[in-house]
Amino acid sequence: MGLMPASTGAVFSSPLLAHRKTAARVALFDLNESSAHLVTECFRQFGIETVSIPREQLERLQREKFEACVLPLGDAAGSIIELARSSASNSRIIIFGLGGTAQDAMRYSKLCINAMFHEPLERAAAMKLVRSTQMLVLHEFRRYVRIPVMTEVAIVMADGSRVTATSQEISSGGMSLKGNYAPEQGSLVEVTFSLLTLPRVWIRGQVTWKRPNKTFGVRFDSTDERRQRLKQWIVAYLEG
């Protein structure tokens with residue numbers, strides 16, 4: 001891929017950006033060398049520094065400040081995320097999962113994984129993901145009204161049937177989701193989910209778009225007062 005090799009545990013930074021103060025740091029926890037190189041190149045395009053952290057230095061995720069963390073989704077992922085977010089300085093850390101299946105991501109839905117790098121890593125897809133989330137990592141919240149977060153969402157259809165999907169992005173006005181079944185455009189639904197410090201909420205909405213890959217969007221009913229709880233949570237999340 002034309003990437004320069006780097007030793008394990010090194011701090012990756014762009015020579016072109018060396019004279020500028022780094023706006024954000026992303027921890028690359030226990031990533032193999034090739035994955036670390038590719039992810040580093042993607043974040044580098046936006047002036048974001050990456051720090052490679054081997055598994056034996058896990059405690060750094062608690063004692064150092066990071067805006068985001070990329071880690072493989074394995075059996076220990078949950079405890080690693082909890083450790084990072086138990087630090088006062090990293091309680092709002094953006095979590096990128098690497099690899100695994102949708103089911104793996106759902107195992108950690110209560111911990112709110114923000115986005116996924118799918119394996120095998122492809123430069124174009126990885127760059128697209130970083131581009132879509134870099135404002136959040138850089139804390140440019142006023143320019144970023146949608147929060148990428150993966151959590152389990154139960155969807156109640158008008159006839160009372162239920163389907164389950166995974167959120168992709170959430171805003172105070174609606175959300176995008178992906179599941180094994182995408183309701184038809186125009187369907188009236190009620191969605192229910194929980195997020196970190198937000199207890200489970202129920203909000204009415206309507207499916208406004210769907211795509212062949214079973215992703216779809218729900219626009220929340222503006223008259224549903226329960227939406228205010230989500231709006232307050234988003235404001236607190238962005239200002240926290």
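For Trp233, Trp202, the sequence from fewest to most other C-beta atoms within 10 Å is Trp202, Trp233.
Taking 29 Å as the limit for the C-alpha separation, the pairs Lys210/Lys231; Lys65/Lys214; Lys65/Lys128 exceed it in the case of Lys65/Lys214. For GluC sites (Glu not before Pro), the sites in segment 139-240 that DSSP calls loop and that have at most 10 other Cβ atoms within 10 Å are Glu184, Glu225.
Couplings 3J(HN,Hα) for segment 206-218, derived from phi with the Karplus relation 6.51 cos²θ - 1.76 cosθ + 1.60 (θ = phi - 60°), are 9, 6, 9, 7, 8, 10, x, 7, 6, 8, 7, x, 10 Hz, where x marks Gly and Pro.
All of the numbers you see were taken from the coordinates with simple rules; none came from a lab. This one's a predicted model, so the numbers in the text were calculated from it and none came from an experiment. All Cβ positions, even for glycine, are placed from backbone atoms using ideal geometry, and neighbour counts span all protein chains on display.
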